[in-house]
Amino acid sequence: MKIQIELFGASRDFSDRNFLEFDIENNSTIKDIRNKIVEYLDTKFKGNENFKKIVNSSSFCSEDNNIINDNYKILKGQKIGIIPPIGGG
């Protein structure tokens, strides 16, 4: 199934669009999505470590704007948002 990852904050540098799209297996989890994004970054940006850190420290939200954890199962094609942490001092 197809899933669309909406990009917010620093993750918008991952694409010239405001989303990424992946084919995933049924019952994939957010952890699987993190891994897909990291694989994409390895290919597209030659393993940019800063981008990988963004993915690994980001939260994800469901279509109904709830924060979801790494065990959340994707049951249908949907939009998931990636929300990177906001830097500060």
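Some observations on this one:
- When Phe51, Phe22, Phe60 are checked against the criterion of being among the aromatic types (Phe, Trp, Tyr), touching a strand residue (DSSP E or B) at 6+ places or on another chain (Cβ under 8 Å) and within 17 Å of Pro85 (Cα to Cα), a single residue qualifies: Phe60.
- Here Phe51, Phe60 are screened, and the one residue that is in a helix (DSSP H, G or I), hydrophobic (A, V, I, L, M, F, W, C) and out of contact with any Ser or Thr (no Cβ under 6 Å at 6 or more places or on another chain) is Phe51.
- Within segment 46-89, the residues that satisfy the criterion of being aliphatic (A, V, I, L, M) and surrounded by 15 or more Cβ atoms within 10 Å (Cβ to Cβ) are Ile54, Val55, Ile68, Ile74, Ile80, Ile82, Ile83.
- From Ile54, Ile83, residue being hydrophobic (A, V, I, L, M, F, W, C) and in contact with a Phe, Trp or Tyr (Cβ under 6 Å, 6 or more places away or on another chain): Ile83
- Summed over segment 1-23, the residues that are open to solvent by less than 60 Å² (accessible area, probe 1.4 Å) and in a strand (DSSP E or B) give a count of 7.
- Test set (1) part of a helix (DSSP H, G or I); (2) in contact (Cβ under 8 Å) with a residue 24 or more places away in the chain; (3) open to solvent by 90 Å² or more (accessible area, probe 1.4 Å); (4) β-branched (Val, Ile, Thr) - Thr43 fails condition number: (2)
- Boolean, Ile86 is not aromatic (Phe, Trp, Tyr) and not in a loop (DSSP other than H, G, I, E, B): no
- In the set (1) polar (S, T, N, Q); (2) open to solvent by 100 Å² or more (accessible area, probe 1.4 Å); (3) out of contact with any helix residue (DSSP H, G or I) (no Cβ under 9 Å at 6 or more places or on another chain); (4) free of Cβ contacts under 8 Å to residues at least 24 places away in the same chain, Asn26 fails one condition alone, (4).
The values are calculated or read from the model by the stated rules, or taken from the named source; none is laboratory data. Bear in mind that the values here come from a model prediction, so they are computed numbers and not experimental data. Note: ideal-geometry Cβ built from the backbone for every residue, glycine included; neighbour counts use all protein chains shown. SASA here: full protein model, heavy atoms, side chains in, ligands and nucleic acids out. Shrake-Rupley method; radii C 1.70, N 1.55, O 1.52, S 1.80 Å.
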